[in-house]
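S.K.: First the structure, which I've put down as structure tokens, then a few questions once you've had a look.
The values are calculated or read from the model by the stated rules, or taken from the named source; none is laboratory data. Here the structure is a predicted model, which means the values were calculated and not measured. Note: ideal-geometry Cβ built from the backbone for every residue, glycine included; neighbour counts use all protein chains shown.
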Amino acid sequence: MRRITSVVLTLTVLVGIGAAVGLAKAPGNAKPRAAKVQQRGLLPVAASYLDLTPMALRGELRSGKSLAQVATAKGKSVDGLESALLNALRSKVEVAKAAGKLDAARADRLLQRAPQLVERMVNATPRAHTARTRGARGGLLKAASTYLGLTHRQLATELRSGKSLAQIATAKSKSVDGLKEALLAALKQKVDAAVAAGRLDSARAQKLLERAPAHIERLVQRTRR
């Protein structure tokens, strides 16, 4: 978690220092915004170096490859990629500091940590966003609304009011355990589909399924704050 938060913080600097300050104060909020931050931050720099469009690079990363693996496959130097990303990061930090969006102390800390953070990001293997993030936010909520006898909009309204899925199920006289089973079945179906489509390897799929019950438990009990 510490590694993920550090990388996300670095990426966020490139899209808005104000957001970086917020993430630094509340690192637990970093993960849900990681994908958007990455798309608008260092990803275009990496794509340019690798002679890919940002969309093409996102496709490579979603397949489970690291930036280093993509660079190697393209015949590009991994060290060169890290240099390009590091230069972009340093430039953004300096501009933000000059504009007063980032204080000198925080800028210095980011610059000191930048080489390690960039190296971690380049070698990190992304997890299956299609199977996990989209599944949880899309397919799993669709499965929940079907089980609860609600439309997607009605369920979204209930969740926005601060209720958890478990509380909604209880209010609808539905079994919370039954809801978990429905969500688990939906998640397994999505993971299996991702494996069949070649977007997820079998080893990672097995790990996802092993963690699925705990993930679903958190999803069902979580309330919007």
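S.K.: Within region 52-102, work out how many residues are over 26 Å from residue 204 (Cα atoms), of a type in the set (Asp, Glu) and free of Cβ contacts under 8 Å to residues at least 24 places away in the same chain.
M.R.: Qualifying residue count for the region: 2.
S.K.: Filter region 62-93 down to the residues that are assigned to a helix (DSSP H, G or I) and among the charged types (D, E, K, R), then identify the one that is surrounded by the fewest Cβ atoms within 10 Å (Cβ to Cβ).
M.R.: 79
S.K.: For the structure I just gave you, tell me whether residue 96 is of a type in the set (Gly, Ala, Ser), assigned to a helix (DSSP H, G or I) and closer than 30 Å to residue 196 by Cβ.
M.R.: The answer is no for residue 96.
S.K.: Moving on to the next point. Would you point out which residue out of 190, 163 is at pLDDT 90 or above and either of a type in the set (D, E, K, R) or not in a helix (DSSP H, G or I) (or both)?
M.R.: 163
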